[in-house]
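Single-structure report; data block below.
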Amino acid sequence: TRLEQAASSSNQQTTDRLARRAVGLPENQPITSEAMQRIRADEFNTGYAPLQNLGQMPTDNIFQNTLNQIDQRYTGAGRSFPGAVPDVVAQTIAPYRVGAFNSADALQTTRTLRQQATANFRNGNNDLAHAQRQISNALEDQIERNLAAVGNPNAQAMLQQFRASRQRMAISHVVEDAVREGSGSIDAKKLARDLQRGDYLTGDLQTIGAFANVAPRVNQPPSQFGA
């Protein structure tokens, strides 16, 4: 038991170091929800805000098919078993079945959807949270495709910055979901559950999740050590 406790304490430091590196936090800065929110605010201003004045953007068949796939994934059983799947997911998807959207509205909507998803994950509304994140991804993917179709250098530079900001914001959401509030650290087992469930993790976060998945007894937070 003492060996597991010592190993867990050492591994926690490594876990936090890797998490900071993944999201771009300075060394030794506590990992908190507030820090992740500041990162997202900075990245929104850097990579998202410049796209707000692009005006109307059409949606394509890929976008519509993606919404259909999200709908079927969470509500398909309802066709044969009415009431088996909550209607809230279908109701969440319905407003986004549009032929075009304003870039500023879409960018703000992606931000709101991810904030709602984070809250729903914490409240245990996992199906709704996953659907909200996937809708947000679909909107951002559509924005990327529209930018890629524009042949001028300014649009390509905006696309590259948007992709970089989008990636860092996504990492910050994953890290925030794993934060143990008050500790300044993350729960490696949360990333292990994400990985086991099939969520897409890469780089340092995948390393943390994989190690915690195969060696859970040396990835225990201090509150679980016991006597």
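The values are calculated or read from the model by the stated rules, or taken from the named source; none is laboratory data. Keep in mind that what you see is a predicted model, and the values were worked out from it rather than measured. All Cβ positions, glycine included, derive from the backbone under ideal geometry; neighbour counts span all protein chains shown. These accessible areas exclude ligands, DNA and RNA; they are computed on the full protein's heavy atoms, side chains included. Shrake-Rupley method; radii C 1.70, N 1.55, O 1.52, S 1.80 Å.
Remarks
- Out of Ala131, Ala212, one residue alone is within 27 Å of Ala100 (Cα to Cα), in a helix (DSSP H, G or I), touching a residue at least 40 places away in the same chain (Cβ under 8 Å) and small (Gly, Ala, Ser). It is Ala131.
- Residue match in the stretch 147-155 (condition: in a helix (DSSP H, G or I) and touching a Ser or Thr at 6+ places or on another chain (Cβ under 8 Å)): no
- Some residue of the stretch 56-66 being loosely packed, with under 12 Cβ neighbours inside 10 Å, more than 25 Å from His130 (Cα to Cα) and free of Cβ contacts under 8 Å to residues at least 12 places away in the same chain: no
- Gln91 being of a type outside the set (D, E, K, R), within 30 Å of Gln161 (Cβ to Cβ), modelled with pLDDT under 95 and open to solvent by 30 Å² or more (accessible area, probe 1.4 Å): no
- Verdict on Gln196 being in a helix (DSSP H, G or I) and closer than 22 Å to Gln56 by Cα: no
- Arg2 at pLDDT below 95 and at negative phi: yes
Table: residues versus (1) in contact (Cβ under 8 Å) with a residue 24 or more places away in the chain; (2) under 15 Å from the mean Cα position of the chain (by Cα); (3) open to solvent by 40 Å² or more (accessible area, probe 1.4 Å).
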| position | (1), (2), (3) |
| --- | --- |
| Asp16 | yes, no, no |
| Ala22 | yes, yes, no |
| Pro26 | no, no, yes |
| Gln29 | no, no, yes |
| Gln37 | yes, yes, yes |
| Phe44 | yes, yes, no |
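- Check on Ser183, within 27 Å of Ala41 (Cα to Cα) and surrounded by 18 or more Cβ atoms within 10 Å (Cβ to Cβ): no
- Gly151 meets all of the listed conditions (1) over 20 Å from Ala117 (Cα atoms); (2) under 16 Å from the mean Cα position of the chain (by Cα) but one, namely (2).
- The C-beta contact set for the stretch 180-202 (first residue within 22 Å of Ser10 (Cβ to Cβ), second residue open to solvent by 20 Å² or more (accessible area, probe 1.4 Å) and of a type in the set (Ser, Thr, Tyr), distance under 8 angstrom, 6+ apart or interchain) comprises Gly184/Thr32.
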